[in-house]
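A short worksheet on the structure shown next.
The values are calculated or read from the model by the stated rules, or taken from the named source; none is laboratory data. Because the structure is predicted, anything quoted here is derived from the model rather than measured. All Cβ positions, even for glycine, are placed from backbone atoms using ideal geometry, and neighbour counts span all protein chains on display. Side chains included, ligands, DNA and RNA excluded: accessible areas come from the protein's heavy atoms. Shrake-Rupley method; radii C 1.70, N 1.55, O 1.52, S 1.80 Å.
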Amino acid sequence: MPSLKLRFNFSGFHPCCYCCSTPKIPSFTSFQSEANIKSTMDRLTSAARLMIVSDLDYTMIDHHDPENLSLLRFNALWEANYRENSLLVFSTGRSPTLYKELRKKKPMLTPDITIMSVGTEITYGNSMLPDDGWEAFLNDKWDRKIVTEETKKFTELTLQSETEQRPHKVSFYVPKDKAEDIMKTLSKRLEERGLDVKLIYSGGMALDILPQGAGKGQALAYLLKKLKSEGKLPNNTLVCGDSGNDAELFSIPDVYGVMVSNAQEELLQWHAANAKDNPKVIHATERCAAGIIQAIGRFNLGPSTSPRDVTDMSDSKMENFVPAYEIVKFYLFFEKWRRGEIENSDLYLANVKAVCRPSGTLVHPSGVEKSLEECVNTLKKCHGNKKGKQYRIWVDQVLPTQVGSDSWLVSFKKWELCGEERQCCITTVLLSSKNVTVADGLTWTHVHQTWLQGVESASDSTTWFF
């Protein structure tokens, strides 16, 4: 059997003594709420290393992938290597209502910025605070009442659900063979009534009517201008899409772009007519989130190997301590252990135990306090207990704060999915590099967890580990 260090690089963790010289750190409880996770625009004090702006349906999210493997691969890559100093932006045609419904169904990360309703709404952070300046900008030459009056004259148009009708967006379904003629006529009539609008046709069936200044491209341009004014223009921006309403994203100057392999014909036609000679825009050979990972590597924008794709962690040669990577790596091991994808070996448990400070503790979300050693011992009983089940673990918003020369507090959301049931807790971990090398890795000294409000939680401490 290969050594654990070769397989998962856990054998290098040392149960080092974390003595009374521990630096003074903020209270763990002060980190235990979603609201305390740092807000988007304040979190970065300088330019983002990378900003990814991605559509959701059939770009970041593959609805034909019941295991969500490509999405989970992206999640691990982002949290291990990018979250701390980069920006994740979701740009979707979905309304806030449908966007929140999608989040309940798929293992999605929390974006720093959310662009919704085909670029007519921009919000920030966990609380999704709206950008009032963007809303005011869109009011110019826009009158929703007039749009409603004119569209009623076209019997071929069918209103989409009420949730998709937004202050600066009116959405319909239209027969594919009628779309072009209706758009020409409707555009002319709205112009005659003093409006300046744009009509966006996508998915071979959907028609959105927006203010001329709206759209995914304009919303991104607005964000880039805002970031530049604050001295935080991202070093690189990668836009990702699959359909016609994503075309504007690829028109923004100086951005990289990836059309995922499953991109619809309407976007490929736009690319052939407008951007076929642009070396910064590629058509990936991989679907959805896997295509985004492929583009990161193709354009050399940073690490492009997901920790989920690494079976020999000793291949990942770190030059410095990377607390986020340690967190992602540990929970991937835990998932594989419970899925029975790695051997039930005492050697593994011994090496996981070596990760932990001998006197380290875990405060369970139920309030029960256990030693980390006791937690490791319980792993023996749960090996393979999720085998054959749709069981996954992912971490979200992994944000380390260095609180001493050799210690970090890392806050994040830890999610578990088993079938249709999902649970989440806000987790804070104290990691130490005292008496260990970068090759050894970091020592876990304390873990504190609380249930995420509004998410179903385990009834006791016997069904939730670490």
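Of the residues making up segment 129-159, those that are open to solvent by 30 Å² or more (accessible area, probe 1.4 Å), outside any loop (DSSP other than H, G, I, E, B) and more than 16 Å from ASP208 (Cβ to Cβ) number 9.
If the condition is being without any contact (Cβ under 8 Å) to a residue 40 or more places away in the chain and under 16 Å from ASN68 (Cα atoms), then segment 105-115 contributes only LYS105. For GLU34, the conditions (1) at pLDDT 50 or above; (2) charged (D, E, K, R); (3) surrounded by 14 or more Cβ atoms within 10 Å (Cβ to Cβ); (4) under 29 Å from ALA295 (Cα atoms) all hold with the exception of (4). Scanning segment 264-309 for residues being at positive phi and open to solvent by 10 Å² or more (accessible area, probe 1.4 Å) gives a total of 2. Within segment 293-303, is there a residue that is within 22 Å of PRO66 (Cβ to Cβ) and in contact with a helix residue (DSSP H, G or I) (Cβ under 8 Å, 6 or more places away or on another chain)? Yes, segment 293-303 contains at least one residue that is within 22 Å of PRO66 (Cβ to Cβ) and in contact with a helix residue (DSSP H, G or I) (Cβ under 8 Å, 6 or more places away or on another chain).
Which is open to solvent by 40 Å² or more (accessible area, probe 1.4 Å), touching a Phe, Trp or Tyr at 6+ places or on another chain (Cβ under 9 Å) and charged (D, E, K, R), of GLU162, GLU180? Only one candidate passes the filter, namely GLU180.
One line per residue, one yes/no per condition, for (1) touching a strand residue (DSSP E or B) at 6+ places or on another chain (Cβ under 9 Å); (2) under 22 Å from ASN351 (Cα atoms):
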{"position": "GLY384", "(1), (2)": "no, yes"}
{"position": "ILE393", "(1), (2)": "yes, yes"}
{"position": "LEU399", "(1), (2)": "yes, no"}
{"position": "GLN402", "(1), (2)": "yes, no"}
{"position": "ALA439", "(1), (2)": "no, yes"}
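Counting only residues that are open to solvent by less than 40 Å² (accessible area, probe 1.4 Å) and out of contact with any Ser or Thr (no Cβ under 9 Å at 6 or more places or on another chain), segment 215-230 holds 2 of them. For segment 50-98, the tally of residues that are surrounded by 23 or more Cβ atoms within 10 Å (Cβ to Cβ) and free of Cβ contacts under 8 Å to residues at least 60 places away in the same chain stands at 5.
Being over 17 Å from LEU88 (Cα atoms), part of a strand (DSSP E or B), in contact with a Gly (Cβ under 7 Å, 6 or more places away or on another chain) and not acidic (Asp, Glu), is that true of even one residue in segment 247-259? Yes. For segment 196-214, the criterion of being open to solvent by 60 Å² or more (accessible area, probe 1.4 Å), in contact with a Pro (Cβ under 8 Å, 6 or more places away or on another chain), more than 22 Å from LEU98 (Cβ to Cβ) and not acidic (Asp, Glu) is met by no residue. For the criterion of being over 20 Å from THR92 (Cβ atoms), hydroxyl-bearing (Ser, Thr, Tyr), open to solvent by less than 80 Å² (accessible area, probe 1.4 Å) and not in a loop (DSSP other than H, G, I, E, B), SER171 fails. With respect to ILE200, is the statement that it is in contact with an Asp or Glu (Cβ under 6 Å, 6 or more places away or on another chain), closer than 29 Å to HIS63 by Cα and outside any helix (DSSP H, G or I) true? Against the criterion (in contact with an Asp or Glu (Cβ under 6 Å, 6 or more places away or on another chain), closer than 29 Å to HIS63 by Cα and outside any helix (DSSP H, G or I)), ILE200 qualifies. Just to be sure before I move on: is LYS336 closer than 28 Å to CYS425 by Cα and free of Cβ contacts under 8 Å to residues at least 12 places away in the same chain in the structure I sent? Yes, satisfied.
Answer yes or no: is there a residue in segment 400-410 that is touching a residue at least 24 places away in the same chain (Cβ under 8 Å), surrounded by fewer than 16 Cβ atoms within 10 Å (Cβ to Cβ), of a type in the set (Ser, Thr, Tyr) and over 15 Å from TRP337 (Cβ atoms). Within segment 400-410, one or more residues are touching a residue at least 24 places away in the same chain (Cβ under 8 Å), surrounded by fewer than 16 Cβ atoms within 10 Å (Cβ to Cβ), of a type in the set (Ser, Thr, Tyr) and over 15 Å from TRP337 (Cβ atoms).
Could you go through segment 316-323 and let me know if any residue there is of a type outside the set (D, E, K, R) and either open to solvent by less than 30 Å² (accessible area, probe 1.4 Å) or more than 30 Å from MET51 (Cβ to Cβ) (or both). Yes; the residues of segment 316-323 include at least one that is of a type outside the set (D, E, K, R) and either open to solvent by less than 30 Å² (accessible area, probe 1.4 Å) or more than 30 Å from MET51 (Cβ to Cβ) (or both).
Within segment 123-162, being closer than 26 Å to GLU191 by Cβ and of a type in the set (A, V, I, L, M) holds for ALA136, LEU138, ILE146, VAL147, LEU157, LEU159. Checking PRO107, PRO111 one by one, the residue that is part of a loop (DSSP other than H, G, I, E, B), surrounded by 15 or more Cβ atoms within 10 Å (Cβ to Cβ), touching a Lys or Arg at 6+ places or on another chain (Cβ under 7 Å) and at pLDDT 95 or above is PRO107 and no other.
Inside segment 117-148, residues that are touching a Gly at 6+ places or on another chain (Cβ under 8 Å) and among the aromatic types (Phe, Trp, Tyr) make up a count of 1. In segment 267-288, the residues that are among the hydroxyl-bearing types (Ser, Thr, Tyr) reach residues that are in a loop (DSSP other than H, G, I, E, B) with C-beta atoms within less than 8 angstrom, at least six apart or across chains, in these pairs: THR285/SER261. The number of residues in segment 372-390 that are closer than 21 Å to TRP451 by Cβ and not in a loop (DSSP other than H, G, I, E, B) comes to 5. Looking at LEU77, LEU72, LEU98, just one residue is part of a helix (DSSP H, G or I) and touching a strand residue (DSSP E or B) at 6+ places or on another chain (Cβ under 7 Å), and that residue is LEU72.
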